Every structure is written in structure tokens, then in C-alpha cells.
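Contents: one structure, followed by commentary.
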Amino acid sequence: MGTMAGHLHCEPSHVTAIADSLEAGGLLRREPDPDDRRAKRLVLTEAGQELRGRLLKRLFEGAPIISALDAEQRAGLLAMLRMAQSGDEHRALRRFPAAAGDGSCSPVPS
């Protein structure tokens, strides 16, 4: 929960409360982390995955620019945004040179 709270820029107790609500609603479950027995992983249930899909579909319907991208391009955009958000924009620009304006549109293999 602490790692997720760091990514969300909030207190771990807030993540715990959200996870509790989602778990109570049948949208996620907690599983032991195979690498750290003290930690738990949050995993979407089938119902959680279905809801996520519906939410993403609605999100993309409202954004014509994003909805024009195919699945691979959306995944690349998401990866680039995550790298930029993490402060690793240099890695993002190396992997996705189109973001620097060179005209290419495909990720460079890592």
C-alpha cells in the first residue's frame, strides 16, 4: 500500500481505505506478494477487470485524439506518460523519439 500511496501522492491509509471499499465491492482482492511476505498485491477480480474496461472505453470515447489511436499506440502513450510522470523524461524521449518531434511514430525497442 505504501508503494501505491507514493505513486498516488497520498497517505497509505487512504489507499487502504480505497482498497477496502473495492474489495468489499468485489472489484479486487489482496494476494500475498511472492517476493515480500510482508506485502500484499492488489489484483482486480473479473468484475474489476470488466469495470476497468468499461471505464477506459468511456474515457477514450470522450477524447477523440486518444480514441483514434490503436491499442499498441495507446499502450505506448501510457508508457511514455508514466515515464514522464516518474521524472524519467530522458528515457521516454529515447524510447519514443516522436515525442521529441523527429517524425517517427513507433517505440524504439528497449
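Subtracting the Cα-Cα distance of ALA5 and LEU77 from 0.36 nm times their residue separation leaves 23.6 nm of extension gain.
Extending 7 Å from Cα along the Cβ direction at ARG37 and again at ARG54 yields two label points whose distance is 4.0 nm. Between THR45 and SER13, the C-beta separation translates, for a Förster distance of 22 Å, into a calculated FRET efficiency of about 0.45.
Which far-off residues, 5 or more places away or on another chain, put their amide H under 5 Å from the one on ARG41, with H placed in the peptide plane? Close amide H contacts, sequence-distant or interchain: GLU31, ASP33. Measuring r between the beta carbons of SER21 and SER67 and using R0 = 25 Å, the FRET efficiency lands at 0.25.
No lab work stands behind these numbers, since they all come straight from the coordinates. The structure presented is a predicted model; accordingly, all values stated were derived computationally and were not measured. All Cβ positions, even for glycine, are placed from backbone atoms using ideal geometry, and neighbour counts span all protein chains on display.
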